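Some notes on the structure that comes next.
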Amino acid sequence: MSAALAQLLSHHTGGRGDHPGPVIGYVGADVPVEYLTAAGLLPVRLGGDPHTPSTTGDRYLGTGLDPAARSVLTRLLDGGHGPLDGVVVSRDCEASTRLFYALRELRRVEPSRALPPVHLVDVLHLPHRTTTRYVRAKLAQLRATAETWAGRTVDDTALAAAITAHDRLRELLARVADLRRARPARLSGTEMLTVVAATTALPVESATRLLEQLLAEADGLPEHEGTRVFLTGSPHDTAHVYAKIENMGFLIVGEDHDRGDLLYRRRTGTPTETALAERYQHNGPAAPRAAIRTRAEHTRRQAEACGADVLVGYARLRDDAPAWDYAAQAAATGLPSVFLSRQPYGGLDDGATEALAALRPAAPAEALR
């Protein structure tokens, strides 16, 4: 195996490593990590753990909310994320918003827990100039918070350098993603998802160096075959579901959630605060925020670009948004497809396994042309 790939696959949860400064956990792809990097802070994207009961999080959020958010809160309260100097939450969905308010209130009423300070970022995704001004104002608030946590000013030079560094990281992730789109693929979907997760928990310079090394070692990577899947629906903060699907003879070559392709496809370009606001404003289209028609067209284009043979929709229990999009997505792609609804966090129920098994013998797209 590639030495760089081995390092990336082993780096599941991040941590301080050789980073000398404060560590900031964040929730949601709408968090502009560039401000944290510019302030000398290490941004680490937080995720849950499907194999650990979310009892503590359920106590405060109830069981009617997305289990991924309940698991993140459980890990924060039980120390599963390690020491954090702050938490930034984006208002990317209802579950994230409720997570923020729970954290803020717990800091107030249960100070003995010593929870880190928490900040909310509200990025809107409407295509208007007034929206850009609103997003810029919210980003300015995050900039001020980052300065407070870091104890230093974030000047425009540092911000421009951070924007350039994260753009470079996104460019490399897109090139690595091409390795799993190749025929034969040189990365599995499970490996790609894990690589992306590692880059959201490492200092941007370390992640960049490892991706450059991985690309240099690409010729030595093993080949992967299988019925090529474009995966739509709920985001995946662990690779458990990917591994289960690929163990059935599938190969996930693309997806439309913000822990996969949507995280890195759009770059900032010009290293300015306005361009950064526009990057986050127009990023997507994610299931909780985008129109059905927009999602369907995006899925059609990306499934075609991936050379997908089939479309698989996956909706986690308590995540209702993907079901609204699926019919239009299936019609737009014209691919053999299946929708796996109300799935357990990090898993597949028996019905989903049977539905996937029925989809597996479908003829590859090339044979149908």
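The values are calculated or read from the model by the stated rules, or taken from the named source; none is laboratory data. Quick caveat: nothing in here was measured; it's all calculated off a predicted structure. Here the Cβ is made from the backbone with ideal geometry for all residues, glycine too, and neighbour counts use every protein chain on show. Areas reflect the complete protein model, heavy atoms only, side chains present, ligands, DNA and RNA absent. Shrake-Rupley method; radii C 1.70, N 1.55, O 1.52, S 1.80 Å.
Computed values, structure above
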{"quantity": "Test: residue in segment 76-87 that is more than 19 Å from V44 (Cα to Cα), in contact with a helix residue (DSSP H, G or I) (Cβ under 8 Å, 6 or more places away or on another chain) and charged (D, E, K, R)", "calculated": "no"}
{"quantity": "Condition met for T268 (crowded, with 19+ Cβ neighbours inside 10 Å, hydroxyl-bearing (S, T, Y), at pLDDT 95 or above and outside any helix (DSSP H, G or I))", "calculated": "yes"}
{"quantity": "Subset of segment 84-110 (residues that are modelled with pLDDT of 95 or more, open to solvent by 80 Å² or more (accessible area, probe 1.4 Å) and within 22 Å of the chain's Cα centre (by Cα))", "calculated": "R98, Y101"}
{"quantity": "Cross-chain or 6+ apart pairs with Cβ under 7 Å, segment 309-321 first and within 9 Å of S234 (Cα to Cα) and in contact (Cβ under 8 Å) with a residue 40 or more places away in the chain, then of a type in the set (V, I, T) and open to solvent by less than 10 Å² (accessible area, probe 1.4 Å)", "calculated": "G313/T232; Y314/V241"}
{"quantity": "Segment 39-62 residues that are without any contact (Cβ under 8 Å) to a residue 40 or more places away in the chain, paired with ones that are outside any strand (DSSP E or B) and open to solvent by 10 Å² or more (accessible area, probe 1.4 Å) (beta carbon under 6 Å, 6 or more apart)", "calculated": "S54/R70; T56/L77; T56/D78; G57/R70; D58/R70"}
{"quantity": "One residue from V123, V109 being aliphatic (A, V, I, L, M) and free of Cβ contacts under 8 Å to residues at least 24 places away in the same chain", "calculated": "V109"}
{"quantity": "Selection from segment 271-296 of residues that are over 19 Å from the mean Cα position of the chain (by Cα) and outside any helix (DSSP H, G or I)", "calculated": "P271, T272, A291"}
{"quantity": "Pick from segment 224-260, criterion over 18 Å from A355 (Cβ atoms) and of a type in the set (A, V, I, L, M), ranking: nearest to the chain's Cα centre (by Cα)", "calculated": "A239"}
{"quantity": "Residue within segment 326-344 that is within 17 Å of the chain's Cα centre (by Cα) and touching a residue at least 40 places away in the same chain (Cβ under 8 Å) present", "calculated": "no"}
{"quantity": "Members of segment 326-364 found to be in a helix (DSSP H, G or I) and touching a strand residue (DSSP E or B) at 6+ places or on another chain (Cβ under 7 Å), listed by number", "calculated": "Y326, Q329, A330, T333, A352, A355, L356, L359"}
{"quantity": "Qualifying residue in segment 162-176 (condition: in contact with a Gly (Cβ under 7 Å, 6 or more places away or on another chain), in a helix (DSSP H, G or I) and at negative phi)", "calculated": "no"}
{"quantity": "Within segment 302-316, considering residues that are more than 19 Å from L359 (Cα to Cα) and within 18 Å of the chain's Cα centre (by Cα), the one most open to solvent (accessible area, probe 1.4 Å)", "calculated": "Q302"}
{"quantity": "Filtered residues of segment 236-257 (kept if open to solvent by 10 Å² or more (accessible area, probe 1.4 Å) and either assigned to a helix (DSSP H, G or I) or over 12 Å from G47 (Cβ atoms) (or both))", "calculated": "H240, A243, K244, E246, N247, M248, G249"}
{"quantity": "Residues that are in contact with a Leu (Cβ under 7 Å, 6 or more places away or on another chain) and free of Cβ contacts under 8 Å to residues at least 24 places away in the same chain, drawn from segment 245-258", "calculated": "none"}
{"quantity": "One residue from R70, R75 being under 29 Å from P20 (Cβ atoms) and either open to solvent by less than 50 Å² (accessible area, probe 1.4 Å) or in a helix (DSSP H, G or I) (or both)", "calculated": "R75"}
{"quantity": "Pairs where the first residue, in segment 259-288, is closer than 20 Å to L193 by Cα and the second is aromatic (F, W, Y), C-beta under 9 Å, 6+ apart", "calculated": "R266/Y280; A287/W324"}
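Matching residues to (1) among the hydrophobic types (A, V, I, L, M, F, W, C); (2) in contact with a helix residue (DSSP H, G or I) (Cβ under 7 Å, 6 or more places away or on another chain); (3) open to solvent by 60 Å² or more (accessible area, probe 1.4 Å):
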position: G284; (1), (2), (3): no, yes, no
position: T294; (1), (2), (3): no, no, yes
position: R300; (1), (2), (3): no, yes, yes
position: R318; (1), (2), (3): no, yes, yes
position: A358; (1), (2), (3): yes, no, yes
